Amino acid sequence: MEKLHLPATFFVITGGIPGSKYHGKFIGRQVKDIIAETATVPTNDENFLERCSAAGYLGYKGTITYVTKAAGMYDNPKRKAQAYKLMDSLYKKVRHGDFQQGYQPCDEYLQEKGSTWDDFRRDAKLGYEFASHSITHASMPGLDSVNIAYELEKSKEEMRNQMGERYTFSTEVPYGYENERVMKIAYKIYPALRNRMPEPWLTELDRPSKKTPAVNDKDYVRWQRECNTHAPLPLMKSWVDTAVARRDTWLVLVIHGVQGLGYEALPDTLLDTYFHYIKAKQKDLWIATFGDVTKYMREREAATVKNSAGRGKITVTLDHSLDKSMYYIPLTLKTYVSSAWKKATIRQGMHVEHADVTRDDKGSYVTYKADPGPEKVILSGSSI
C-alpha cells in the first residue's frame, strides 16, 4: 500500500500496545461475589450482562472464549437461553477450579504483539488513518452498558493521547456487530462507526448482505465487502468494477489478516495483485480513508453553494453547517461557465489551479476542489 500510495484506515485494539494507559478490566461488583452467587442463582436475563462482562476478568485463563461465544448467542434473540446455559457452565468450571489462574485476552489482542505507537505515528505521517477498535476487542453484545462505555471511551482517549484528536473520529465495534443497544452507546462516543451509520441519505449494505448497490434510492450507498479466504480474486475485482461503474457507491473493503496473521488472513501476494488492480482504476475512483469519505459525504449533504457572475468572472461561495474543526475535506464542485472559455483559472485565497473546460448537454463547465468556509472561489477564463 505504501509503495502504491494507497490510503487506508487501521482500526487499532489499543490495550495491547506498549505504553497504553488503559487496559482491559471489569467495572462492577467484586468478581468473587458474582462467582459465589452463581452457585445458587442460575443465569437469566437480569444477570447475564453482568456475568458475561465479568467473565474475562475472573482471574483465570481460557474464560474469554466463553464470553465471545455467549455474546454471539445473546445477540440472537432465539439463542439467549443457550447463552445463559453457557455462562452457567463457565462459572461452574470456575467454582470447581478447572481453569489455570491468570489472565488471557482474545487472540486478536495477542496478535498485536510487536506493534508500537511509534509505528502508528510514523505511518500516520504517510497519510494513513488510525482509529479505535476498542481496548480489548471485547464482544460487546455480552457486556453491560458501563463496560461497553469503558471499552469505547478509554480506547478513544488512548487514541487522543497517543495520536491526536483527529484520530478519534471513528471506531469499529469488534466482530462487526450491529447490536442496537451497543450502537446507541457507540453513537454517543464517536461521530462515525464502521459497523453502521444510519444517515437518512445513505443506504447501508453491510458485510453479510447479499444485496448489491444496483437499486439505491438515496444519495449514497455504503457497500461493505470483506476480503477473505472465501472471496476469490475475480469476485474482489468485481466489487471495484461496480464502484467504478456507479457514482453513488462507497465501497468499504474490510481486511482482517495478512500472511497468516489475523482472521481469514490473505497472502501478501494476492493483496499485492489486488492493490495494483485498484491502483490501475484510480482515475475513475476516489481512494481515501474511512474518515475522509465519511466527512466528504456529510459535508456534501450539508453544503450550500451560491454563484454570482460579473466582469468576466464567476464568484462561488461554498459553506456547510458542520463543525469545521472536524469537517474540513475539500469538496469537488462543478460550475457552468461561458461557452467562450477554453481554460479556467480557479483561485481561493492563496490556492490557484488551472483546469480545462469541458462540455455536457447543459453547456460548458469546469470541475475543481474548494474548501468550505468564508473564503470565496473566483473563476476566470480564457479563450485560448
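Find how much the distance from residue 264 to residue 342 grows on full extension, using 0.36 nm per residue of separation minus their present alpha carbon separation; answer in nm with one decimal.
Numbers: separation 78, 0.36 × 78 = 28.08 nm, distance 5.22 nm.
Computed gain between residue 264 and residue 342 is 22.9 nm.
If I model a spin label as a point 7 Å beyond the Cα along the Cα-Cβ vector, how far apart are those points for residue 165 and residue 27 in nm?
In this crude label model, residue 165 to residue 27 measures out at 2.3 nm.
So which GluC sites (Glu not before Pro) in the stretch 240-311 end up in coil per DSSP with only 15 or fewer other C-beta atoms within 10 Å? Mind dumping the intermediate values first?
Numbers: sites: 264, 299, 301; in loops: 264.
Listed in order of number, the matching sites are 264.
Averaging over every viewing direction, what projected area does the convex hull of the Cα atoms of the stretch 271-384 cover, in nm²?
Details: hull surface 36.7 nm².
Approximately 9.2 nm², given one-decimal rounding.
Run through every distinct alpha carbon pair of the stretch 217-342 and return the Kirkwood hydrodynamic radius in angstroms, one decimal place. Each step should come with its number before you reach the end.
Working: mean 1/r = 0.0569 Å⁻¹.
Final number for the Kirkwood radius of the stretch 217-342 is 17.6 Å.
Per 10 Å bin, what percent of the C-alpha pairs of the stretch 60-99 does each bin hold, from zero upward?
That works out to 33, 50, 17, 1, in percent per bin.
Please work out the Cα convex hull volume for the chain and give it in Å³ per residue.
Working: hull volume 63.9 nm³, N = 384.
Convex hull volume per residue, Cα atoms: 166 Å³.
What does the charge add up to near residue 258, with Lys and Arg as +1, Asp and Glu as -1, over the other residues with Cβ less than 13 Å from its Cβ?
With Lys, Arg at +1 and Asp, Glu at -1, the net is -3.
Taking a quarter of the surface of the Cα convex hull of the stretch 161-240, what do you get in nm²?
Details: hull surface 29.1 nm².
Spelled out: convex hull of the Cα atoms, projected over all directions, averaged, 7.3 nm².
Mean separation of Cα pairs under 8 Å and 6+ residues apart, divided by the residue count of the chain: what relative contact order is that in percent?
Numbers: 640 pairs, mean separation 49.6, N = 384.
It comes to 13 percent, rounded to a whole number.
If I take R0 = 22 Å and measure r between the Cβ atoms of residue 311 and residue 369 in this structure, what FRET efficiency does the formula 1/(1 + (r/R0)^6) give, to the nearest 0.05? All intermediate terms of the calculation are to be shown ahead of the outcome.
Values: r = 24 Å, r/R0 = 1.10.
Efficiency at R0 = 22 Å is approximately 0.35.
So how far, in whole Å, is the C-alpha centre of the stretch 107-123 from the one of the stretch 34-99?
Here the answer is 30 Å between Cα centres.
Only four residue types carry charge here, +1 at the Cβ of Lys and Arg and -1 at the Cβ of Asp and Glu. Report the dipole size of the stretch 302-384 about the Cα centre in Debye, rounded to the nearest 20.
Working: 12 positive and 8 negative charges, 66 e Å.
That gives the stretch 302-384 a dipole magnitude of about 320 debye.
Going down the list 211/279; 25/125; 184/324; 113/279; 279/324; 32/93, which pairs span over 20 Å between their C-alpha atoms?
On the way: 211/279 26 Å; 25/125 32 Å; 184/324 25 Å; 113/279 30 Å; 279/324 31 Å; 32/93 14 Å.
In this structure, 211/279; 25/125; 184/324; 113/279; 279/324 lie more than 20 Å apart at Cα.
Quantify, in whole percent, the carbon and sulfur part of the accessible surface of the stretch 250-384 (1.4 Å probe; protein heavy atoms only). Spell out each step's value before the answer.
Values: 4090 of 7840 Å².
Here it works out to 52 percent.
With the crude spin-label approximation of a point 7 Å out along Cα→Cβ, what separation in nm comes out for residue 98 versus residue 187?
With each label point 7 Å from Cα toward Cβ, the separation is 4.0 nm.
To the nearest whole percent, what portion of all C-alpha pairs in the stretch 75-168 is separated by more than 19 angstrom? Write out the running numbers ahead of the final one.
Details: 2596 of 4371 pairs.
The calculated P(r) of the stretch 75-168 puts 59 percent of pairs beyond 19 Å.
Over the chain, give the accessible area per residue in Å² for a 1.4 Å probe, as an integer. Kindly include the intermediate steps, with their values, before the conclusion.
On the way: 19870 Å² over 384 residues.
Here the residues of the chain average 52 Å² of exposed surface.
Could you tell me the center-to-center distance, by alpha carbons, between the stretch 147-182 and the stretch 328-384 in angstrom?
Here the answer is 39 Å between Cα centres.
Taking all protein chains in place and a 1.4 Å probe, what share, in percent, of the accessible surface of the stretch 1-126 do carbon and sulfur account for? Let's see the in-between values first.
Numbers: 3590 of 7040 Å².
Ligands and nucleic acids excluded, carbon and sulfur give 51 percent.
What are the trypsin sites (Lys or Arg not before Pro) within the stretch 144-241 that DSSP puts in a loop, where the Cβ has at most 13 other Cβ atoms within 10 Å? It would help to have the intermediate numbers written out before the result.
Values: sites: 154, 156, 160, 166, 181, 184, 188, 194, 196, 210, 211, 218, 222, 225, 237; in loops: 194, 196, 210, 211, 218.
Qualifying residues, ordered by number: 210, 211, 218.
Taking every eigenvalue of the Cα gyration tensor of the stretch 1-109, multiplying by 5 and rooting it, what semi-axes result, largest first, whole Å?
On the way: eigenvalues 198, 63, 28 Å².
Working from the Cα gyration tensor, I get semi-axes of 31, 18, 12 Å.
The values are calculated or read from the model by the stated rules, or taken from the named source; none is laboratory data. Keep in mind that this is a model prediction, so the values were computed, not measured. Please note: Cβ atoms are built from the backbone with ideal geometry, for glycine as well, and neighbour counts cover all protein chains shown. Ligands, DNA and RNA are stripped out before the accessible areas are found, and what is left, the full protein with its side chains, is counted by its heavy atoms. Shrake-Rupley method; radii C 1.70, N 1.55, O 1.52, S 1.80 Å.
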